[in-house]
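Student: Below you will find the structure I want to go over with you.
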Amino acid sequence: MKRLVAVPGILILALGVAAAGPAGKSTSKSSSDKWLHVHVQDGSGEEAERVKVNVPLSLAEAVIPAINVDKFHGGKVKIEVDGEDHGIQDVDFRKVLQALRDTKDGNFVTVEGKDNIQVAKQGGYLIAKVREGSGSGTKVDVKVPFQVVEALLSGKDNELNIAAAVRALGEHGDGVLVTVDDQKSKVRIWVDSENESE
Amino acid sequence: MLRIFGNERGFSLSGGMLAAAGVGAILAGSFVYSQGLIRVSVSEKNPGGDHFRIAVPGVVVPVAMAFLPAREIGKHMPAEAIQHLPMIEAALDHLRTLPDCTLVQVDGPDEHVRVRVRDGQMLVDVNDSGDEVHVTLPMGSLRSVMSKLESAAQYAGAQGNAGESCPWSHDGHHGDHPHGSEEID
């Protein structure tokens, strides 16, 4: 009879311990394995301030549609252009993008002067390079997959579809999206599969 | 039955009760362990500064939340907080599934901040020139707080305190709250 009592007792104990597990241990891993990393360094040497943000794209995908503030609703942000930039509203960015997508790789915009600007299409990426002033000026490099730009412009005329862009980013491969480098600060934004950044 | 137990090779009622109590204690301990510990540690760095440390079993939070009246919380909830609840809820649901990682790291000359996820717990460490703060929050505890806040927000929405837009509607329409003024615990 002791055995009859002991068996259910041991079973209950085993179930209890198995159900408990370590504190709040997650039961499943994230669905998407892509992470968006942002590194910002302001200043140099020991006085520098460094900020590192690592966000899983799946988290961004989940959170962005839930943001409901000001001009940001349902994963889309409304663009309202006024003042000196009002003329930009007349530009049909979707048609420009369509034209860019259908053309071969190459440079589309090159501005040479005090600042040098270059906009190009290369291997399915939209590439923008800005070089401010002489050699020591600000350098900006942007390299965005075309699918992401298309997803970004997939909303209404005056909307940017951020949620779709993040989704497209997650479906794309690893890569550096933005680097900004000047004498005082450095910014780097990239996507990879590592959940920690260097 | 008692007689049968008593007659079988010395097995007694008191022994059975003791075993049941032991099993109960182990199960209760396992449950408390599964909910994790909320730890808060604050140390002021100035001479003679205060040191404050507290560790509370996470299991206390759902119990405590059960006693808090959602209606009263809802009355005092700022509209901005209500507006951001869906976002926090979405983030929290997802954070629970994340592997160990550092979400935010700030290192400056006078301050260091880390927001990390470790074993399903949110760890926040702040170390600046004035204070050193360490907080550990089991996600399960945060979930129960969120559930209560959601209930409270429904009361706030029912009473029209939610500001200009309904937080549960992404397109910001008024009056489409699913619960209206029904009773919510």
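Student: In the range A:128-166, which residues are out of contact with any Asp or Glu (no Cβ under 9 Å at 6 or more places or on another chain) and surrounded by fewer than 16 Cβ atoms within 10 Å (Cβ to Cβ)?
Tutor: Once the filter is applied, which keeps residues that are out of contact with any Asp or Glu (no Cβ under 9 Å at 6 or more places or on another chain) and surrounded by fewer than 16 Cβ atoms within 10 Å (Cβ to Cβ), the range A:128-166 yields A:Ser134, A:Gly135, A:Lys156.
Student: Could you grab me the full set of residues in the range B:29-69 that are more than 19 Å from B:Leu149 (Cβ to Cβ), among the aromatic types (Phe, Trp, Tyr) and loosely packed, with under 15 Cβ neighbours inside 10 Å?
Tutor: Within the range B:29-69, B:Phe31, B:Phe52 qualify.
Student: Give me the pairs: first residue in the range B:72-98 and closer than 23 Å to B:Gln121 by Cα and at the interface with chain A (Cβ under 7 Å from one of its Cβ atoms), second residue basic (Lys, Arg) and not in a helix (DSSP H, G or I), beta-carbon distance under 9 Å, and six or more apart or on different chains, which are they?
Tutor: Short answer, once both residue conditions are applied: B:Thr97/A:Lys29; B:Leu98/A:Lys29.
Student: Picking from A:Val187, A:Val176, which residue would you name as being exposed (fewer than 15 other Cβ atoms within 10 Å of the Cβ) and at pLDDT 90 or above? So that I can check it myself, show each step before the final result.
Tutor: Working: A:Val187 fails: exposed (fewer than 15 other Cβ atoms within 10 Å of the Cβ).
None of the other options fit; the residue is A:Val176.
Student: Could you check how many residues of the range B:86-111 are in a strand (DSSP E or B) and within 13 Å of A:Asn54 (Cβ to Cβ)?
Tutor: Count: 6.
Student: Restrict the check to the range B:23-36 and report whether at least one residue is of a type in the set (S, T, N, Q) and more than 10 Å from chain A (Cβ to nearest Cβ). Working first, answer last.
Tutor: Going through the range B:23-36, the residues of a type in the set (S, T, N, Q) turn out to be B:30, B:34-35.
Going one step further and asking which of them are more than 10 Å from chain A (Cβ to nearest Cβ), we end up with none.
Checking the range B:23-36: not a single residue is of a type in the set (S, T, N, Q) and more than 10 Å from chain A (Cβ to nearest Cβ).
Student: Quick check on my filter: what residues within the range B:100-120 are at the interface with chain A (Cβ under 7 Å from one of its Cβ atoms) and modelled with pLDDT of 90 or more?
Tutor: Here is the first cut: in the range B:100-120, the ones at the interface with chain A (Cβ under 7 Å from one of its Cβ atoms) are B:101-109, B:119-120.
Hits for the range B:100-120 are B:Cys101, B:Thr102, B:Leu103, B:Val104, B:Gln105, B:Val106, B:Asp107, B:Gly108, B:Pro109.
Student: Determine whether the range A:79-93 contains at least one residue that is part of a strand (DSSP E or B), out of contact with any helix residue (DSSP H, G or I) (no Cβ under 7 Å at 6 or more places or on another chain), at pLDDT 80 or above and more than 7 Å from chain B (Cβ to nearest Cβ).
Tutor: Step one: filter the range A:79-93 for residues part of a strand (DSSP E or B), giving none.
Checked against the condition, which is being part of a strand (DSSP E or B), out of contact with any helix residue (DSSP H, G or I) (no Cβ under 7 Å at 6 or more places or on another chain), at pLDDT 80 or above and more than 7 Å from chain B (Cβ to nearest Cβ), the range A:79-93 yields no hits at all.
The values are calculated or read from the model by the stated rules, or taken from the named source; none is laboratory data. The structure displayed is predicted, hence computed values, not measured ones. Neighbour counts run over all protein chains shown; Cβ positions are idealised from the backbone, glycine included.
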